[in-house]
Amino acid sequence: MRDRRPEVGVTLGGVTWQRSRASEMAIAAANLVEVDTRIYMAERPDGLLKLMVSHDPGLGWHISISHTERYPTWDEIKDVRYAFLPDDITMGILLPPPSEYVNIHPNCFHLHQVPNDGEWSPHA
């Protein structure tokens, strides 16, 4: 499984994502996220897109994508998933039980790696 997170930045579908090492250092120092997290930002005409991509050996891959003024579009979500993460994993947007639901940012979506032990496939 190859790590596809760019070291500097990447352009996807007309959106240029720039890595923000200053933000990475700030959240790591505050112990807010996993150590292996990269943060990218993309200026859009209607606001700022923010992306956090992390990997935890026990839990797998995680993407957090948000926009300052609106929900990220399906194409924005899809583009970062396929550009920043390995092709051989399945990602999902999960809704936990109401008692476990947390919403810190109103315009943020989280994608989590779905464990795949060979028993489940979206095309089965």
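The values are calculated or read from the model by the stated rules, or taken from the named source; none is laboratory data. Source: prediction; values computed, not measured. Note that each Cβ is placed from the backbone with ideal geometry, even for glycine, and that neighbours are counted across all protein chains shown.
Scan region 49-59 and tell me whether some residue there is modelled with pLDDT of 90 or more and not in a strand (DSSP E or B).
No.
List the residue pairs whose Cβ atoms are under 7 Å apart, where the first residue sits in region 78-104 and is at positive phi, the second is at pLDDT below 90 and surrounded by fewer than 10 Cβ atoms within 10 Å (Cβ to Cβ), and the two are 6 or more positions apart or on different chains.
none
Could you tell me which numbered condition HIS62 fails, if it satisfies all but one of (1) at pLDDT below 85; (2) out of contact with any Phe, Trp or Tyr (no Cβ under 9 Å at 6 or more places or on another chain); (3) in a strand (DSSP E or B)?
So HIS62 meets the others, but not (1).
What's the total number of residues in region 80-114 that are surrounded by fewer than 18 Cβ atoms within 10 Å (Cβ to Cβ) and either among the acidic types (Asp, Glu) or in a loop (DSSP other than H, G, I, E, B) (or both)?
Kept after step one, since they are surrounded by fewer than 18 Cβ atoms within 10 Å (Cβ to Cβ), are these residues of region 80-114: 81-83, 86-90, 92-110, 112, 114.
Filter once more, so that each one left must be either among the acidic types (Asp, Glu) or in a loop (DSSP other than H, G, I, E, B) (or both): 86-89, 93-97, 100-107.
The qualifying residues number 17.
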